[in-house]
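Below you'll find the structure, written out as structure tokens, and then a few comments.
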Amino acid sequence: MQKLIKNPFGISRVDTPFQEHIDIKDIYSTQYETIKSILNDIKGDVNRQSRGVCIVGDAGSGKTHLIMRLAKDRLAFNRILFIRQPNNSKYVLFHIYNRILESFTQRVPNSDFTQLEYLLAKSFSKIIIKIFTSKDKLSKKDSEILEKLTNNPLDLYDILGRDGSANKRKNWKYLEKKMISWWSENYGFGGYSIYILKALIKFCTYSDEGKKLLVRKYLSGAEISKDELNSTGLESLHDLDKEEFSLEAISTFGKLSTVDEPLIIVFDQLEALKHNEELLINFGEALKEIFTHTPNALVLTNIFADRLHFFSTVFEDAIMDRLANFKIYLNSIDSKLLKTILQTRADLIELDIDEYFTTEELQSILSQKSIRKALNLASELYRCRENKIEMSYSKENHLEDEIYRLKREIKIIKSRLNLNVKSPNFATENQKILDYINLQIEFFKAEYYSDSFISDIDDVGKLDFIAKSFSDIKTYNISKLEFSKKLPENVLIEGEFKKVCICFLNLDSNSFTMRLKNLIELIELNSDTEFKIFRDERSRAINSKEGKRLIHSLVNYRNSKFLSMDILNRVIFEVIYKVLSDILNRDFEADFLDTLEVIEFKFNNYWLVEVIK
């Protein structure tokens, strides 16, 4: 059994800006101050016009790390909204908005409040202060509210009365009327914005987590039942256009922030968009809409130099002008600073890198092209030495790269011809892939019960990406099952001997029963197709008689199963998606086809692997 070693060089990447990692301020200090100066320019702009900044650097150069520094420095003032690449070309804005909502659930450091609670308290307080200070005469209560909110905007959640009391409801109704009047004078009543504003005000009135969760669900564009609407006083959103709703919601947050601090919207891990032209084009259009309709935002895009050039050949000039209004380059750092990074890590276990590594090893580490490559090589040398494993390493060798490319092409040809492909050898290079998979398993297990927005659209996008990835070594067609009526989000995989339709159905109320009823009609017409219908166990339980009846009817068909997306199911699904997308985004260095083989070996009995066999 491998000895467990605390490897000081083992973590070589930042996944989100909300993580905590060692940060050396001398690295990219000029670039960081430039970002802060642009943020200040937005705040000082009387029009609060949003601006775009591209942070350009190679994989592992520290782009997300720089955003982490910004988060540590600015989370008490600005809201930082982190968006990974979309995966469904028809719902790009909806994906962006749902990731924004997830970012809003992050706690502000040294406080008991989330980012959303901070934004609403500060924005609403300043709107109320503006309204009250413009009045000729204030009541005693108005004066008390004005004084308290001026001293501390976060008092908004405590000063209007006891929870559940008639007095609190009356006070909030009074303030709601004032704020809606202010909104209409500044932005009008068009579209979904007034519904969103009322929901945000309602969110502030509750301390009960169940009620707040209902409001957040409403804000996500999910359907909620009549009973839930009545319990919160929210208005029904009929025939919701998810993309239009998402854009208005993002715009509403931007408009609310104009009375406070600019939003910081971060787009990361966009490199794989190059492989999906429709998705890339729609992403560009979504960005254009956000810049047009959302004020007071610093839009940061982390990107490779070659991808920035590629985007410029696809996006129209109007998009690129806004997206790359400013370009900040993260050039390679010198060996002295790189050595400082290594020694700072090594200090955690009181290790001197000059004594621990040989001169040749240290030279090889410090000659790497990026911070991540240097840390990865140091980590591998450390792991091998502590576990008494022989390791060979070398500097970049273009001949080796060409040989590896040819081997990869041969592997694809063998797979397409159904010839035997060598099984993964976990004692050599694929051990790194397996280790990375295991690391991601632990990450997603730890994150499973944190706040997240479960989306059928997002899940079907992930499944489509995974299925297309495995089509490099498997032979099948990927499509969507269509019907004259609304169906659950689905992916249809058609192989030579079987057809499997995988559906995701996390909707509630009428939407759940309607889509399941329609699907059952389709199941009756497609006896040659196997149906797997997944519902996340964290979704609301189906308690209606009609819903239960339909589930019972569904499982009686020999070719259909209603399955729970439980913690094990969800974790493996997310891990497969993340590992494959990380390779395309160059966040993890491994051969793509080798990784597909390791995933197939590791999760041999998992339903998704069985479907694509």
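The values are calculated or read from the model by the stated rules, or taken from the named source; none is laboratory data. For clarity, every value in this text was computed on a predicted model and none was experimentally measured. Positions of Cβ are generated from backbone atoms using ideal geometry, with glycine treated the same way; all protein chains shown enter the neighbour counts.
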For a quick check of your reading of the model, give me the residue pairs whose first member lies in segment 543-561 and is free of Cβ contacts under 8 Å to residues at least 40 places away in the same chain, whose second is of a type in the set (Asp, Glu) and surrounded by 14 or more Cβ atoms within 10 Å (Cβ to Cβ), with beta-carbon atoms closer than 7 Å and at least 6 apart or on different chains.
Asn559/Glu530
Give the residues of segment 467-499 that are of a type outside the set (Gly, Ala, Ser), assigned to a strand (DSSP E or B), surrounded by fewer than 17 Cβ atoms within 10 Å (Cβ to Cβ) and in contact with a Leu (Cβ under 9 Å, 6 or more places away or on another chain), sorted by residue number.
Asn477, Ile478
Can you name every residue in segment 558-597 that is out of contact with any Phe, Trp or Tyr (no Cβ under 8 Å at 6 or more places or on another chain) and either of a type in the set (A, V, I, L, M) or closer than 23 Å to Asp508 by Cβ (or both)?
Phe562, Asp566, Leu568, Phe573, Leu593
Looking at segment 190-280, what helices (runs of 4 or more DSSP H) fall wholly within it and have at least 3 residues that are in the same structural domain as Lys170 (by TED's automatic domain parsing), within 30 Å of Asn302 (Cα to Cα) and acidic (Asp, Glu)?
242-257
Residues Lys561, Lys532, Lys548: which one is part of a strand (DSSP E or B) and more than 27 Å from the chain's Cα centre (by Cα)?
Lys561
Residue among Lys288, Lys388 that alone is without any contact (Cβ under 8 Å) to a residue 60 or more places away in the chain, in a loop (DSSP other than H, G, I, E, B) and surrounded by fewer than 19 Cβ atoms within 10 Å (Cβ to Cβ):
Lys388
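From Phe573, Phe601, grab the single residue that is in a helix (DSSP H, G or I) and either among the β-branched types (Val, Ile, Thr) or modelled with pLDDT of 95 or more (or both).
Numbers: Phe601 fails: either among the β-branched types (Val, Ile, Thr) or modelled with pLDDT of 95 or more (or both).
Answer to the selection: Phe573.
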Six or more apart or on different chains, Cβ under 8 Å: which pairs go from a residue in segment 517-542 that's more than 15 Å from Asn556 (Cβ to Cβ) to one that's of a type in the set (Phe, Trp, Tyr) and not in a loop (DSSP other than H, G, I, E, B)? Could you list them?
Lys532/Trp607; Phe534/Phe504; Arg535/Phe504; Arg535/Phe562; Ile542/Phe512
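Would you mind stating whether Glu589 is acidic (Asp, Glu), in contact with a helix residue (DSSP H, G or I) (Cβ under 8 Å, 6 or more places away or on another chain) and either buried (at least 18 other Cβ atoms within 10 Å of the Cβ) or outside any loop (DSSP other than H, G, I, E, B) (or both)? Full working, then the answer.
Values: acidic (Asp, Glu): yes; in contact with a helix residue (DSSP H, G or I) (Cβ under 8 Å, 6 or more places away or on another chain): yes; either buried (at least 18 other Cβ atoms within 10 Å of the Cβ) or outside any loop (DSSP other than H, G, I, E, B) (or both): no.
Criteria not met by Glu589.
This table checks each residue for (1) under 30 Å from Ile11 (Cα atoms); (2) touching a strand residue (DSSP E or B) at 6+ places or on another chain (Cβ under 9 Å); (3) buried (at least 21 other Cβ atoms within 10 Å of the Cβ); (4) of a type in the set (Phe, Trp, Tyr).
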| site | (1), (2), (3), (4) |
| --- | --- |
| Arg74 | yes, yes, no, no |
| Asn87 | yes, no, yes, no |
| Leu93 | no, no, yes, no |
| Glu102 | yes, yes, no, no |
| Leu149 | no, no, yes, no |
| Pro153 | no, no, no, no |
Among the residues of segment 254-268, are any closer than 25 Å to Ser581 by Cβ and either among the aromatic types (Phe, Trp, Tyr) or surrounded by fewer than 21 Cβ atoms within 10 Å (Cβ to Cβ) (or both)?
yes
Hey, Phe245 over 25 Å from Ile35 (Cα atoms), crowded, with 18+ Cβ neighbours inside 10 Å and at pLDDT 95 or above or not
yes
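Residues checked against (1) over 24 Å from the mean Cα position of the chain (by Cα); (2) of a type outside the set (A, V, I, L, M):
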position	(1), (2)
Ala199	no, no
Lys202	yes, yes
Lys212	no, yes
Asp227	yes, yes
Asn230	yes, yes
Leu240	no, no
Glu244	no, yes
Leu247	no, no
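Every residue in segment 500-510 that is at pLDDT below 95 and buried (at least 16 other Cβ atoms within 10 Å of the Cβ), please. Lay out the reasoning, then the answer.
First, pick out the residues of segment 500-510 that are at pLDDT below 95: 506-510.
Scanning segment 500-510 gives Asn506, Leu507, Asp508, Ser509.
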Only one of Phe203, Phe267 is hydrophobic (A, V, I, L, M, F, W, C), more than 24 Å from Phe113 (Cβ to Cβ) and touching a residue at least 24 places away in the same chain (Cβ under 8 Å), namely Phe267
Residues being within 30 Å of Asp458 (Cα to Cα) and either surrounded by 22 or more Cβ atoms within 10 Å (Cβ to Cβ) or among the β-branched types (Val, Ile, Thr) (or both) - total across segment 116-132:
4
